[in-house]
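Here the structure is laid out as structure tokens; the discussion comes afterwards.
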Amino acid sequence: MDGAPAIRTSGLTKRYGETVALDALDLAVEPGEAYGYLGPNGAGKTTTIRLLLGLLRPSRGRAELFGVDAWADPVAAHRRIGWEAAIVLQDVRALDPAEAEEVCVWAARALLAAET
């Protein structure tokens with residue numbers, strides 16, 4: 001588990017019947033790395049977070065936090081993360097690029113402040 005990415009997904013897929021909510025996501029985020037996960041409504045952002053937290057069972061693929069399978073052992077996976085692991089902004093509408101950059105800078109400062 002040492003040296004494992006903070007977040008790793010391999011072929012992560014979630015279906016609700018015929019509806020594909022997330023389709024074969026491959027992602028790796030290293031410890032200490034800031035990562036913005038952006039997309040339009042319905043792109044699968046919230047579904048991805050729920051899969052990473054072990055709140056949903058993947059239809060296919062795997063989601064890991066620090067090398068621990070989020071579905072198979074969510075308690076162990078949750079022990080490896082804290083509130084500062086992610087700042088999730090939901091339903092931010094009509095931000096122009098300058099406002100989006102400002103939000104990202106604010107989030108980075110909040111994470112840095114939490115470390116001190």
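Read-outs: derived from the displayed coordinates by stated rules, not from any lab. Note that the structure is predicted; figures quoted are calculated from it, not measured. Note that we place each Cβ from the backbone using ideal geometry, even for glycine, and neighbour counts take in every protein chain shown.
Assuming R0 = 35 Å, what is the FRET efficiency of Ala4 and Thr46, from their Cβ-Cβ distance, to the nearest 0.05?
Result of the calculation: an efficiency of 0.90.
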From the phi of every residue in the stretch 58-73, what ³J(HN,Hα) in whole Hz does the Karplus formula 6.51 cos²θ - 1.76 cosθ + 1.60 yield, where θ is phi - 60° and glycine or proline is x? x, 6, 8, x, 9, 10, 10, 10, 6, x, 9, 5, 5, 8, 5, 9
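Just the Kirkwood number for the stretch 7-83, please: inverse of mean 1/r across all distinct Cα pairs, in Å, one decimal. Intermediate results must be reported in sequence, preceding the final value.
Values: mean 1/r = 0.0792 Å⁻¹.
In the stretch 7-83 this quantity evaluates to 12.6 Å.
For Asp69, Asp26, what ranking results if the residue with the fewest other Cβ atoms within 10 Å of its Cβ goes first?
On the way: Asp69 16, Asp26 10.
In order of increasing Cβ crowding within 10 Å: Asp26, Asp69.
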Sequence of Leu53, Leu65 once ranked by neighbouring C-beta atoms within 10 Å, starting from the fewest: Leu53, Leu65
Report the full-extension gain for the segment Cys104 to Ala34: residue separation times 0.36 nm, less the Cα-Cα distance, to one decimal in nm. 24.2 nm
Cut-off 13 Å, label point 7 angstrom out along Cα-to-Cβ of Ala76: give me the residues of the stretch 1-28 whose amide nitrogen falls inside. 1-2
